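Undergrad: Below: one structure in structure tokens.
The numbers here are math on the coordinates, done by the rules we state, and not lab data. Note that the coordinates shown come from a computational prediction; the quantities given were computed from them, not determined experimentally. So basically every Cβ, Gly included, is an ideal-geometry build from the backbone, and we count neighbours across all protein chains shown.
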Amino acid sequence: MCGIVAGIAQRNVVPILIEGLKRLEYRGYDSAGLAVIDQGEIYRKRELGKVKGLEALIAADPIQGMIGIAHTRWATHGKPSTQNAHPHISSQKVAVVHNGIIENHDRLRTSLQQNGYQFTSETDTEVVVHKIAEQLAIDNDLLAAVKSTLPHLEGAYALGVMYSDRPDTLIACRKGSPLVIGVGIGEFFIASDIAALLPVTQRFIFLEDGDVAELTIDNLVIYDKDGARVERPVVESQLKADSVDKGKYRHFMLKEIYEQAWAVSETLEGRFIGNRLQDSAFGHQAAEVFDQIKSVQILACGTSYHAGLVARYWFEKLARVPCSIEVASEFRYRNPVISPDTLVVTISQSGETADTLAALQEAKKLGVKHSLVICNAPESSLVRESDLVMMTRAGPEIGVASTKAFTTQLVALLMLVIAVGRRFSLTKEWEELIVSELFGLPGNIEKVLQLDETIEQLSQRFADKQNALFLGRGTHYPIAMEGALKLKEISYIHAEAYPAGELKHGPLALIDAEMPVVTVAPNNNLLEKLKSNIQEVSARGGQLIVFMDGALGESDDENVQIIKMPSVANIISPIIYTIPLQLLSYHVAVLKGTDVDQPRNLAKSVTVE
């Protein structure tokens, strides 16, 4: 969601902050701003809209400084506006940028107003900067003032703080919202994501929950949640600055769709010996954990939730492992009953999804002994909170609408089905078949991508549409859900997904010549039933688009257009059939002229509840 970039250096940091904000645009935002200290004064620029607007504002009226903080805001408290944009300033002395939500902001605001502080925004963040200023009035020590403020804040936060009387010091704090320190030569930076800092450093320190860091040009001191001085490891990132470039592609989303064969190969790499999946791929204690569990509970949100829905079918059908899945944001509020010998599996692209992290913590409070995360961010909160880890290795995913993160999550989940399932009812023959299909998956993905031009032409049928239905059965119902989500995310067409057998229970009333109906129809044991559902739609004048195994020899008729898919095994068909739906949503969005990579109102990493 919101993005933070800040730095202290022996050079003008403004260009670095602007470039960092550009690299955080994928997270979703509605305004941008920065502030610097120069000659003992704070200078601030804020602009509603894109970072390029802020950049133009600074070009017209330049500011500079060797210490500065910057931010892209995704509105929570208060509408998108210049006044609500960060950084926020108190008494022209203290400036703050903030990610997260301060839940007790109303109570703090009332108290601060009674003490004479004037508020100029509707945000929860402004209470933080005024509270720090209030503490500075008691003791003119920035670090002490920040430390004194933090116990008053309820909720989640990542903070960057600077003080005009101490232009040599930058403070960073983290509780429930990610923050990383970039280590340079005679300079330090902070950011929400290492992607923002790749042009200036490859060396990073990942702050832990409750950490407070004091940064100067030549020194860094970190204090933990108990106030003790601690050392955090410096991690050398393998990512390069150009890893977040679009390259030859028009949009990041299209680039990431085309990277899926590579990403799947990376997910599989090094996790098999002699075609046998190693338990150690999930962590050195994985074998011991898998021997003890009796069921699986999956917790996830959004696209990751759809991946978990597919996995539930796999766990129960292939391995006969009891498996439940729940939207993470609902799990901790319904007093769930969960057995201690359940493996809690969380799925998150960023590893910082606030609801999923909170759900994992709730499961631990309920006595669950074992947890595993499937994630694409190695130093994220969920990775640190989990006993076992399966990294998807998809590389940076910049487009808000997830593509390669989703397919690699499915691959990781299928590997987990193997590892857990061999302890239940998964036979050696089934395991060997699944492994063989996984190894062949990158090649099959490349075959599907050859349908891109056909799907681009197909997208014309959605040019004037406002609604669409997606149908699937079995493991392909979640794929239909994912297809509907992609279409609504980036084209703003209202789309819904249904199990095809549910048509007669209500959705059939929506069918007419103006309603495109997208159907996922692989060659499996539900195909004949699905064909009957297709006929129900066609008979009522519905316009059907059917993605179907080309080997079946079906052909178009008056109301049905068939897109012939390569023949693949049922086990991996959910992964294969999601790709044309990604391409369809992409081309429809381009046709409609929407912002493909940064759709309105959405954020890539949902770090607040």
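Undergrad: LYS255: which lysines have alpha carbons under 17 Å from its alpha carbon, excluding same-chain residues fewer than 8 sequence positions away?
TA: LYS240, LYS246, LYS404, LYS447, LYS486, LYS604
Undergrad: Enter the angle in degrees (range 0 to 90, nearest 10) between the Cα long axis of helix 354-365 and the first principal axis of the Cα atoms of the chain, meaning the one along which they spread out most.
TA: Compared with the principal axis, the helix lies near 80 degrees.
Undergrad: Just the number: Rg to Rh for the stretch 316-434, Cα atoms, Kirkwood Rh, two decimals.
TA: Reported Rg/Rh, Kirkwood definition of Rh: 0.97.
Undergrad: Here's another thing I want to ask about it. If all Cα-Cα distances of the chain are sorted into 10 Å bins from 0 onward, what percent lands in each bin, rounded to whole numbers?
TA: 3, 17, 25, 24, 18, 10, 3, 0, 0
Undergrad: As an exercise, use a Förster radius of 35 Å and the Cβ-Cβ distance of ASN601 and TRP262 to find the FRET efficiency, rounded to the nearest 0.05.
TA: The calculated FRET efficiency here is 0.70.
Undergrad: Please compute the Kirkwood hydrodynamic radius over the stretch 8-123, one decimal place, Å, based on all pairs of different Cα atoms.
TA: 14.8
Undergrad: Hey, another quick one. Using alpha-carbon positions, what is the distance between the centroids of the stretch 159-234 and the stretch 245-265, in Å?
TA: Centre-to-centre distance over Cα atoms comes out at 32 Å.
Undergrad: Quick one: Debye curve from the alpha-carbon atoms of the stretch 75-153 only, equal weights, vacuum; give me log10 I(q)/I(0) at q = 0.13, 0.22, 0.25 Å⁻¹ to two decimals.
TA: Taking Cα atoms of the stretch 75-153 as identical point scatterers yields -0.35, -1.02, -1.32.
Undergrad: Could you list VAL13, VAL127, VAL183 so that the one with the fewest beta carbons within 10 Å of its beta carbon is first and the one with the most is last?
TA: The order, fewest Cβ neighbours first, is VAL183, VAL13, VAL127.
Undergrad: So, one more: Does anyone have the angle between helix 302-318 and the longest principal axis of the chain? Alpha-carbon axes, 0 to 90°, nearest 10?
TA: With both axes taken from Cα atoms, the answer is about 40 degrees.
Undergrad: Under the rule of -39500 (n - 2.57) per DSSP H run of 4 or more residues, summed and divided by the residues of the chain, what mean residue ellipticity at 222 nm is obtained, to the nearest 500 deg cm²/dmol?
TA: One gets -10500 deg cm²/dmol as the mean residue ellipticity at 222 nm.
Undergrad: While we're here: Peptides 589-597, 467-475: what's the order by average Cβ count within 10 Å, highest mean first?
TA: Output ranking for 589-597, 467-475: 467-475, 589-597.
Undergrad: Okay, moving on. What Kirkwood hydrodynamic radius do you get for the stretch 193-298 when you take the inverse of the mean 1/r over all pairs of distinct Cα atoms, in Å?
TA: Computed over Cα pairs of the stretch 193-298, the Kirkwood hydrodynamic radius comes out at 18.4 Å.
Undergrad: Under 23 Å between C-alpha atoms is the cut-off here; go through the stretch 75-190 and count lysine pairs that meet it, provided they're at least eight residues apart or on different chains.
TA: Summing the qualifying lysine pairs gives 6.
Undergrad: Counting only Cα, what are the radius of gyration and maximum Cα-Cα distance Dmax of the stretch 376-484, in Å?
TA: 17.5, 52
Undergrad: Given axes a ≥ b ≥ c from the Cα gyration tensor, I'd like to know whether the stretch 286-386 is rounded (a/c under 1.5), prolate (a/b larger than b/c) or oblate.
TA: Rounded is the answer for the stretch 286-386, as its axis ratio a/c remains below 1.5.
Undergrad: Can you give me the P(r) profile for the stretch 92-214? Cα pairs, bins 10 angstrom wide beginning at 0, each as a whole percent.
TA: 13, 44, 33, 9, 1
Undergrad: Could you line up ILE434, ILE575 from fewest to most neighbouring Cβ atoms inside 10 Å?
TA: With the fewest neighbours first, ILE434, ILE575 line up as ILE434, ILE575.
Undergrad: Counting other beta carbons within 10 Å of each residue's own, what order do ASP165, ASP61 fall into, fewest first?
TA: With the sparsest Cβ surroundings first, the list reads ASP61, ASP165.
Undergrad: Let me ask something additional. What is the distance in Å between the Cα centroid of the stretch 303-324 and that of the stretch 475-492?
TA: 18
Undergrad: Hey, how many Å between the Cα centroid of the stretch 37-52 and the Cα centroid of the stretch 56-73?
TA: That distance is 4 Å.
Undergrad: Taking every pair of alpha-carbon atoms in the stretch 394-454, give the share separated by more than 17 Å as a whole percent.
TA: So the portion of pairs separated by more than 17 Å is 53 percent.
Undergrad: Give me the percent relative contact order of the stretch 320-449, please, defined on Cα pairs under 8 angstrom at least 6 residues apart.
TA: 20
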